[in-house]
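What follows is a short report on a single structure.
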Amino acid sequence: MKIKPIFYFSFLILISASLFASDNPNSNLSTFSDPARIWGNGIERVIEEAYRLFFQTHIIGGRVMNIRMPFAQNDERDKLTDEEWTFVEDGKGEHIYLWGRINELLDSEDFTAYVEALTDGREKVIIFDLPNQGWTVSRNLFDMARMRTGSYQGLPHQPWVLRDGRGLKESDVYNYLYCVGLIGIDCSAFVWHVQSYIAAAGGVDLGRTFARILGVRDGMNAVRLAGTAFFNSNNSQIISVRDEIRNLRPGDILLFRAEDGGMAHSAVIQSIDLSSGVIRYIQCTDEAPLEERGVHDSFIHFNPRNTRVSLSDPSLVWSQRRYPPFPGELTSPFSDDGLRYRAFPEHGGGRVVRLRPVAEAIERINR
């Protein structure tokens, strides 16, 4: 079963900020429009272009599917294993290389067998094995009954997924790429990709810039490998932004704090609609609804008459709900991104920063 991508752009273009807050499910319908038709020719379009590079559209099992780049775990799933295993490129790979690996996986005989197992009309439990990059099928009635009643039997390195055999979903493809391919990108590498793309659009080679500033040979790799910790550093190229809405700009980096006081997650603001009261930000995480795991967009709703409010203010409505990566696993301690941003106030809570070279590039883009 040969599977070929038919588009290389994101499927997720929301029609207008006023629809973001609506209850109409059709407000999230996809389109393959030119980003400039939605976002104009400023920085919002540039960020949207960077975001779309993490989506491909494929025909799989006779269905058109919009495949998003999976999230690559940062070693949280290897606690119970003796084997050494890791995600491709440690979750720091370039999107072109990762898509090449993904396309190879989707063209493999093993993936064909996986599709057939999920479309045979019979209920089953798919048991993934991350260290061995494999999967098996259980049709044990007791296994299926326990899964139906919410008694999850999986382990961090062996997720269990109950399926009815009635067809393949995008989430099934995600599960395969994540568990069998061990492929994806982590949150900070995604943020670095977006920042680099913005900088390039403004005529700045961010890798060379940071190589000179940090005194290293490969500045891009140095920052990417440092991860979210770099964005939270005291480096002179990190501009701390007071997180009142009136101070925020597209391209700013949202940082979510960890229990130890460091930063556990990062995201990028794509647009701020002051008239409708909507902030759109993009991120890569798997603590999300099944159909949103991996690279996706999220929203913050605020009162447009009060732009002096901080992102830490509980009056803001963060649309991003947080769920376990696989149904049945331990749930996140935070029900939404807002709670996560406000978490650990004893360490300062969430933070907003911008990269100085990127801010200079944005000024040129918006002229």
Legend entry - Top-ranked residue of segment 334-357 - restricted to ones that are of a type in the set (Gly, Ala, Ser) and outside any helix (DSSP H, G or I), ranked as surrounded by the fewest Cβ atoms within 10 Å (Cβ to Cβ): 348
Legend entry - segment 156-210 - residue that is of a type in the set (S, T, N, Q) and out of contact with any strand residue (DSSP E or B) (no Cβ under 7 Å at 6 or more places or on another chain) and, of those, surrounded by the fewest Cβ atoms within 10 Å (Cβ to Cβ): 171
Legend entry - Close pairs from segment 105-134: first at pLDDT 95 or above, partner among the small types (Gly, Ala, Ser) and assigned to a helix (DSSP H, G or I), Cβ under 9 Å, at least 6 apart: 124/117; 126/117
Inset, instruction - Give segment 100-122 a look and list any residue that's surrounded by fewer than 16 Cβ atoms within 10 Å (Cβ to Cβ) and closer than 23 Å to residue 156 by Cα, or say none. - result: 110
Legend entry - Residue under evaluation residue 315, criteria (1) at pLDDT 95 or above; (2) surrounded by fewer than 16 Cβ atoms within 10 Å (Cβ to Cβ); (3) in a loop (DSSP other than H, G, I, E, B); (4) in contact with a Lys or Arg (Cβ under 9 Å, 6 or more places away or on another chain), criterion not met: (4)
Inset, instruction - May I ask you to list the residues in segment 281-305 that are of a type in the set (Lys, Arg) and crowded, with 24+ Cβ neighbours inside 10 Å? - result: 293
Inset, instruction - With the checklist (1) in contact (Cβ under 8 Å) with a residue 12 or more places away in the chain; (2) exposed (fewer than 14 other Cβ atoms within 10 Å of the Cβ) in hand, flag the one item residue 255 doesn't pass. - result: (2)
Inset, instruction - Return only the number of the condition from (1) of a type in the set (Val, Ile, Thr); (2) surrounded by fewer than 22 Cβ atoms within 10 Å (Cβ to Cβ); (3) assigned to a strand (DSSP E or B) that residue 331 does not satisfy. - result: (3)
Legend entry - Single match in 280, 293, 354 (criterion: under 30 Å from residue 199 (Cβ atoms), basic (Lys, Arg), modelled with pLDDT of 95 or more and touching a Gly at 6+ places or on another chain (Cβ under 7 Å)): 354
Legend entry - Residue satisfying all of: in segment 268-280; over 25 Å from residue 95 (Cα atoms) and of a type outside the set (A, V, I, L, M, F, W, C); surrounded by the fewest Cβ atoms within 10 Å (Cβ to Cβ) among these: 275
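The values are calculated or read from the model by the stated rules, or taken from the named source; none is laboratory data. Here the structure is a predicted model, which is why all the values come from computation and not from measurement. Please note: Cβ atoms are built from the backbone with ideal geometry, for glycine as well, and neighbour counts cover all protein chains shown.
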